[in-house]
Amino acid sequence: MIRVRYAPSPTGSPHVGNIRTALFNYLLAKRYSGTFVVRIEDTDQTRKVPGALEDILDSLRWLGIEWDEGPERGGSHGPYFQSERLEIYRRHVDILLAAKRAYKCFCTPEELTEMREYQRINNLPTGYDRRCRFRSDDEVEALEASGKPYVVRLAMPLEGEIEFQDAIRGRVAFESRLLDDQVLLKSDGWPTYHLANVVDDYLQGITHVIRGDEWINSTPKHVVLYNSFGWNMPIFAHAPIIKGPDGAKLSKRHGDTRCLDYREKGFLSEAVANFIALIGWSPGDERELMTMSEMAEAFSVEGIQPNPGVFDITKLLWMNGHYIRSKSPEDLFDTVVSWHTSTTDEEYRGSEGCAALTAAIQSLPQEYVTEAFRLEQERVKLLSEFAEACRFFFVDEPEMDPQGVAKWFGQPYVGALLEKLEAEVAGRSTISAEDAEKIIDGVVVSLGLEKRAQAIHPTRVALTGKTFGPSLFELMALLGPERILLRLRRAAQFVPAAS
Ligand code: GLU
């Protein structure tokens, strides 16, 4: 039975690459009805960042990456916080010490600095020179009895190669002599990443370790640990890094890298999950738009590409537009409104669109706002764009685009056009899109215009202030006679006196 894990350290809000690791593990678990474990690697208490744990769990929940075991859920292999497992690590260090696979090192920080300095000056390879590794048992006992603090180091093989089979990269080998005797237990009794990670992966029955490439240099140490304990290793798969469009490793310079920033900016979780999974993974066919269950069905570690994946924001926007378009009007309303009320994006919060939408939600019927969203659904690529795109539906006096006014209201027939429209609309209690079409066609004929567009464009400017937007007939149907009349009268003031 497959058991995989996502093992974040609570050192900050998870980035796209980190969440991709979670996603790959989750998809593999789903694919084979396995178990997805979340384990919090919080052994480095100095690097703990307040709020990071919440952001980790929030990112997973937002994307729909549900964990079977872990924080808040518990499970049969807990605790799931490494800080609650210290006793377990100490016990395991004792096993390694007894087997002489690890040793106590009494070197002080000053001695280690001196050692490094000596190595540097003499052009020697840097690293721990293993001076404590060959102490006699008596010597060690005496030092310990004197109360001297110590760390526990892993006794790495002194020669040969350490190799493992990586499911993505194939055979990976490291020369033993280039690897340090890694500290496993610090003098304060806390384990390092390497010890805690391996012990937990083993005790929690992890079968596959999919993680980022940045951990590949740690893997030979882990291999030695597995061997030292006499344990079978999980399958390792190191996923290549993510690059920005310029080919450099994805970083802040390329824009947002924090997963939750995408939520705040108005991306849908379906789009972000789909997009992130496809950075460096392919289902083996041409498909790009995939739901979580479709991805889970198609997922395999072999589908992870050995070359770095590229983060292409244009593609994400395209996907987001797709997922926005595929929502039903009711779902779209709920999604936009709940995003609108919870986003912390400052630019959005301070925008006129945001203020107009807040007012609209409070004072206009829900069907009106829903229909306004529906009419803009085709064009919008981000949830954050609805407020601005629909603003003209919500405010009494939409902003008039000066260029649109200059272009269309200068036409000699526009004064008459607005008057005729007013006459046609007055007295009606509702207007359907068909009615609106008939009204416009009637005015085209009575003004002797050559083309329908000559009436449509100025009418659009009069009613919306803009030169583009959804179907004029549909938007007229939504605005309704009362709003249309008010807007036509107001627009008349923008018509130059001479026309
Ligand atoms: N705690 C490590 C991290 O923050 C885990 C690495 C691993 O998956 O082994 O990513």
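The values are calculated or read from the model by the stated rules, or taken from the named source; none is laboratory data. This is a predicted model, so every value here is computed, not measured. Cβ: placed from backbone, ideal geometry, glycine included. Neighbour counts: every protein chain shown. All accessible areas refer to the heavy atoms of the entire protein, side chains included, with ligands and DNA or RNA removed. Shrake-Rupley method; radii C 1.70, N 1.55, O 1.52, S 1.80 Å.
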query: If one computes the Cα centroid of the range 229-308 and of the range 337-388, what distance in Å separates the two points?
result: 30 Å
The range 98-152: trypsin sites (Lys or Arg not before Pro) in DSSP loop, at most 14 other beta carbons within 10 Å: K100, R131
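Which of the GluC sites (Glu not before Pro) found in the range 257-344 are in a DSSP loop and have at most 14 neighbouring Cβ atoms, other than their own, within 10 Å?
The qualifying sites are E286, E288.
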task: Can you send over the carbon and sulfur percentage of the accessible area for the chain, probe radius 1.4 Å, protein chains only?
output: 50 percent
message: Once you order the gyration tensor axes a ≥ b ≥ c over the Cα atoms, which shape class does the range 139-202 get: rounded for a/c under 1.5, otherwise prolate or oblate by comparing a/b with b/c?
response: oblate
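Once you order the gyration tensor axes a ≥ b ≥ c over the Cα atoms, which shape class does the range 76-194 get: rounded for a/c under 1.5, otherwise prolate or oblate by comparing a/b with b/c?
The shape class here is oblate.
Assuming a ≥ b ≥ c are the square roots of the Cα gyration tensor eigenvalues, decide whether the range 104-168 counts as rounded (a/c under 1.5), prolate (otherwise, with a/b larger than b/c) or oblate.
Working: a/c = 2.43, a/b = 1.37, b/c = 1.78.
In terms of gyration-tensor shape, oblate.
Ordering E163, E141 by how much accessible area each has at a 1.4 Å probe, largest first, what is the list? The partial results should precede the final answer.
Details: E163 95, E141 125 Å².
Accessible-area ranking of E163, E141, largest first: E141, E163.
With a 10 Å radius around each residue's Cβ, average the other Cβ atoms per peptide and rank 363-375, 422-434, highest first. It would help to have the intermediate numbers written out before the result.
Details: 363-375: 16.9, 422-434: 13.5.
Result, highest mean Cβ count within 10 Å first: 363-375, 422-434.
Please compare each pair in K30/K265; K420/K466; K381/K438; K381/K466; K252/K466 to a cut-off of 26 Å on the Cα-Cα distance and tell me which ones are over it.
In this structure, K30/K265; K381/K438; K252/K466 exceed 26 Å between Cα atoms.
For the range 301-457, what is the relative contact order in percent, using Cα pairs closer than 8 Å and at least 6 residues apart in sequence? Write down the numbers at each step before the final one.
Details: 94 pairs, mean separation 31.5, N = 157.
Computed value for the range 301-457: 20 percent relative contact order.
Have a look at the DSSP beta bridges in the chain and tell me what percent are antiparallel, nearest 5. Before the final figure, lay out each step's value.
Working: 17 of 32 bridges.
Restricted to the chain, the bridges split so that about 55 percent are antiparallel.
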task: Could you rank M233, M400, M156 by how accessible they are, 1.4 Å probe, largest area first?
output: M233, M400, M156
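Find the percent of Cα-Cα distances in the range 366-499 that exceed 18 Å, and round it to a whole number. The partial results should precede the final answer.
Working: 4581 of 8911 pairs.
That tail contains 51 percent of the Cα-Cα pairs.
With every protein chain kept in place and ligands, DNA and RNA left out, what is the accessible area per residue of the chain? Probe 1.4 Å, answer in Å². Kindly include the intermediate steps, with their values, before the conclusion.
On the way: 23640 Å² over 499 residues.
Here the residues of the chain average 47 Å² of exposed surface.
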message: Taking loop as defined by DSSP and a crowding limit of 13 other beta carbons within 10 Å, which GluC sites (Glu not before Pro) in the range 449-488 fit?
response: E450
The chain - Cys residues lacking any other Cys C-beta under 4.7 Å: C107, C259, C354, C390
message: Relative contact order for the range 280-321: what percent, with Cα pairs under 8 Å and sequence separation of 6 or more?
response: 54 percent
